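The values are calculated or read from the model by the stated rules, or taken from the named source; none is laboratory data. All figures in this text were calculated on a predicted structure; none of them were measured in a lab. Please note: Cβ atoms are built from the backbone with ideal geometry, for glycine as well, and neighbour counts cover all protein chains shown. Accessible surface areas use protein heavy atoms only, side chains included; no ligands, DNA or RNA. Shrake-Rupley method; radii C 1.70, N 1.55, O 1.52, S 1.80 Å.
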Amino acid sequence: LWRLLRATRIMCMYRVQRRAHMRRVFQFIFAIIVSFIPGAIGNIYSPNGPSDAWYNMLNKSIVTPDGWVFGVAWTTLYALLGIALFLVMRNEQTRLSKTRAYLLFLIQMVLNALWSYTFFGAHMTGWALVVLIALIIASVMMMRAFRPFSKWASYLIWPYILWISFAAYLNIAIVWLN
């Protein structure tokens, strides 16, 4: 009887662990998908569509990378943002205590998508720069909000902040040169 009870207990623990593992897998998939939403929206307005001729006519900084670099960089950065979000999600603290971190993640996503529309869709480079500055501020605040839940999550935000700071330089150059 003792062996049967022990075997039953082990089976129950295995099921609980399996459910927890599956929950983590779904959280990871969700975080990655959510982090790519601004990229999907931005892709609608990127220079491979109607704004291609407009973008190609602009005077740009001499350090503006080739188009393929942007694709690789943004794919990598969105993946890092998704991993950072997952690390915050998997932290055992309550969801309520993470509200600020989640809200800042949402704000930076909206600003990221808004920049693509403002710059490439509406061709309003000056306003796009304002949006980009707000995005940098929101991203720094998000990095700080992620830190209490996962220091690695906050570290994963740094490449994103560096890249959007570089994007701000490129945006400033376009505003200045045009």
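Annotations
- FRET efficiency for the R23 to N56 pair, using the beta carbon distance and R₀ = 41 Å, is estimated at 0.30.
- The magnitude of the dipole of the chain, with charges of +1 and -1 set on the Cβ of Lys/Arg and Asp/Glu and taken from the Cα centre, is near 1600 debye.
- Rg/Rg_globular for region 115-178, with Rg_globular taken as 2.2 N^0.38 Å and Rg from C-alpha atoms: 1.26
- Degrees, to the nearest 10: 67-89 long Cα axis against longest axis of the chain: 30 degrees
- In this simple spin-label approximation, A79 and I44 carry label points 7 Å from Cα along the Cα→Cβ vector, and these lie 2.6 nm apart.
- Computed on the Cα trace of the chain, the radius of gyration divided by the Kirkwood hydrodynamic radius gives Rg/Rh = 1.16.
- Gaussian network model of the chain, Cα within-10 Å springs - most flexible of A20, A31, A113: A20
- Rolling a 1.4 Å probe over the protein heavy atoms leaves W74 with an accessible area of roughly 60 Å².
- Helix-only mean residue ellipticity at 222 nm for the chain, each DSSP H run of n ≥ 4 adding -39500 (n - 2.57), per residue, nearest 500: -27000 deg cm²/dmol
- Top of G42, G126, G82 by mean-square fluctuation, Gaussian network on the chain, Cα under 10 Å: G126
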